[in-house]
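Below you'll find the structure, written out as structure tokens, and then a few comments.
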Amino acid sequence: MNTPYLLSVFYQFFWVALIGLMAIGGYFMFRKFLKSLPKADGKSELDWQNHYIEKTIHLWNTEQKSLLNDLVLPVPELFRDVAKQKIAGKIGEIALGHNASQMTEAYIIEGYILATPKRDHKWLIKTLQKKNIDLKPYEHLLD
């Protein structure tokens, strides 16, 4: 093959890869943008998530924080902090809904299940089974 042909193939591959990567990045940025838009109540999803975390941060002890860290270990490291915040926000929402005076494992597991997308429940179940957590009380959430 001649050099100009290889060079043109490289350029075509480069532009397709560049546009593809920009589209993927744009998709994730757009999702984050949508979550930051205020809803009818004037607060965004991210504002509510932070509100629930701030209101319940004093309920967490070291053992429970460790459990949350263990539960998010299967998430790729790049997304782990975001996943942990989303799950902690859902756990806080549940705890505030029950007027909890302390955080319990039940709130943590329920929030973990509710905050995890349904498509990832297969890995969620494996993670909970590795931690020897009984799933029977939470079967209605796994449907």
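Just so it is clear, none of the values below were taken in a lab; they were calculated from the coordinates. Remember, it's a predicted structure, so these values are computed and weren't measured experimentally. Don't worry about glycine lacking a Cβ; one is built from the backbone with ideal geometry, like all the others, and counts go over all protein chains shown.
Normalising the average separation of contacting C-alpha pairs (under 8 angstrom, six or more residues apart) by the number of residues puts the relative contact order of the range 41-141 at 29 percent.
Of the residues GLN102, GLN12, GLN129, the one that moves most in a GNM of the chain with alpha-carbon contacts below 10 Å is GLN12. The lysines within cross-link reach of LYS118, meaning a Cα-to-Cα straight distance under 21 Å and a gap of 8 or more places when in the same chain, are LYS32, LYS35, LYS84, LYS86, LYS90, LYS126, LYS130, LYS131, LYS136. Distance between the modelled labels on GLU105 and ILE24, one decimal in nanometres: 3.8 nm (7 Å Cα→Cβ projection). Comparing LEU59, SER101, ILE113 along the charge dipole axis of the range 27-143, the residue lying farthest to the positive side is ILE113, per the Cβ-charge model. As a ratio to 2.2 N^0.38 Å, the alpha-carbon radius of gyration for the range 84-143 is 1.08.
Going by Cα centres, the range 69-130 and the range 26-50 are how many Å apart? Cα centroid to Cα centroid, the span is 20 Å.
Using θ = phi - 60° in the Karplus curve 6.51 cos²θ - 1.76 cosθ + 1.60, the 3J(HN,Hα) couplings for the range 77-82 round to 3, 4, 9, 4, 5, 5 Hz; x is entered for Gly and Pro. Extension gain, LYS136 to PHE33, is 33.4 nm, computed as 0.36 nm per intervening residue step minus the present C-alpha separation.
Size descriptors for the chain: radius of gyration and Dmax over Cα atoms are 20.7, 74 Å.
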